[in-house]
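The values are calculated or read from the model by the stated rules, or taken from the named source; none is laboratory data. Treat the numbers as computed from the prediction; the structure is a model and nothing was measured. For neighbour counting, all protein chains shown are included, and Cβ atoms are generated from backbone atoms with ideal geometry for every residue, glycine included. Keep in mind that these areas ignore ligands, DNA and RNA; they rest on the heavy atoms of the full protein, side chains included. Shrake-Rupley method; radii C 1.70, N 1.55, O 1.52, S 1.80 Å.
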Amino acid sequence: MRPLLLLDVDGVLNPIGRPPPGHRRYRCVVDGETYVVRLNPRHGRQLLDLAEATGAELVWATTWEEHANDWIAPRIGLPSLPVVTVNAPVAPVSEHGEMFKTPAVAAYAGRRPFVWFDDQVWAEDEEYLRVHQGVGDFLLVHVDPAHGLTSGHLGTAWEWLTLTGFSQGS
């Protein structure tokens with residue numbers, strides 16, 4: 001099964017606070033609200049290279065949902081990506097303290113192995129995924145929201161996918 005690379009936007013591709021060097025400032029208007037995001041245009045190529053090297057599929061797992069394809073993807077050089085629907089009309093009550101996105105990620109990924117880049121994944125999310133029936137192997141990569149995605153995070157994902165045998169490109 002082709003592995004997944006799940007991407008959050010805020011705190012991962014759009015660091016919170018002062019962005020590291022290489023980030024550019026953009027204004028986005030979503031549903032009448034204006035947002036300022038700081039994105040590193042090199043992230044797109046790095047993510048595409050990781051996906052190609054490992055045979056993984058890039059997927060948005062962000063509250064931006066389809067808006068990520070309109071506003072984020074073109075600014076960092078990504079094509080339109082599939083989207084995990086995480087904005088439920090009524091947020092379900094968490095079972096074990098997991099983040100609201102975690103059940104949606106579990107349902108979307110199913111048995112496919114996945115790496116999830118997010119600034120809000122914690123031990124509770126890992127526990128939820130480990131005990132949830134029907135979820136395959138996974139790696140949660142916690143990204144410090146002050147710094148955003150780094151080459152170290154990408155290297156961790158590449159190593160896990162290739163050393164565990166999930167890589168389709170090795």
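General observations
- Dipole magnitude of the chain, debye to nearest 20 (Cβ charges: Lys/Arg +1, Asp/Glu -1, about Cα centre): 660 debye
- Local electrostatic count at Ala146 - Lys and Arg +1, Asp and Glu -1, tallied over other residues with Cβ under 14 Å: -1
- Calculated FRET value between Asp144 and Glu124, using beta carbons and R₀ = 25 Å, to 0.05: 0.85
- Full extension of the chain segment joining Glu159 with Thr63 gains 31.8 nm, where the gain is 0.36 nm per residue of separation less the Cα-Cα distance.
- Size of electric dipole in region 1-77: Cβ of Lys, Arg +1 and of Asp, Glu -1, about Cα centre, debye, nearest 20: 520 debye
- Identified option (computed Rg and Dmax of the Cα atoms in Å; candidates (1) 25.4, 73; (2) 15.3, 45; (3) 17.0, 52): (2)
- Exposed-loop-free span, longest in the chain, where chymotrypsin sites (Phe, Trp or Tyr not before Pro) count as exposed if DSSP calls them loop and at most 16 other C-beta atoms lie within 10 Å: 1-99
- Fraction of beta bridges assigned by DSSP in the chain that are antiparallel (%, nearest 5): 30 percent
- Centroid-to-centroid, using Cα positions, region 9-63 and region 97-170 are 17 Å apart.
- Where labels lie 7 Å past Cα in the beta-carbon direction, separation of Leu48 and Phe100 in nm: 3.3 nm
- The sum of -39500 (n - 2.57) across all DSSP H runs of n ≥ 4, divided by the residue count of the chain, sets its helix-only mean residue ellipticity at 222 nm to -8000 deg cm²/dmol.
- Here the relative contact order of the chain, from alpha carbon pairs under 8 Å that lie six or more residues apart, stands at 32 percent.
- Share of carbon and sulfur in the accessible heavy-atom surface of the chain [1.4 Å probe, %]: 51 percent
- Once the 1.4 Å probe is applied to the protein heavy atoms, the chain comes out at 49 Å² accessible per residue.
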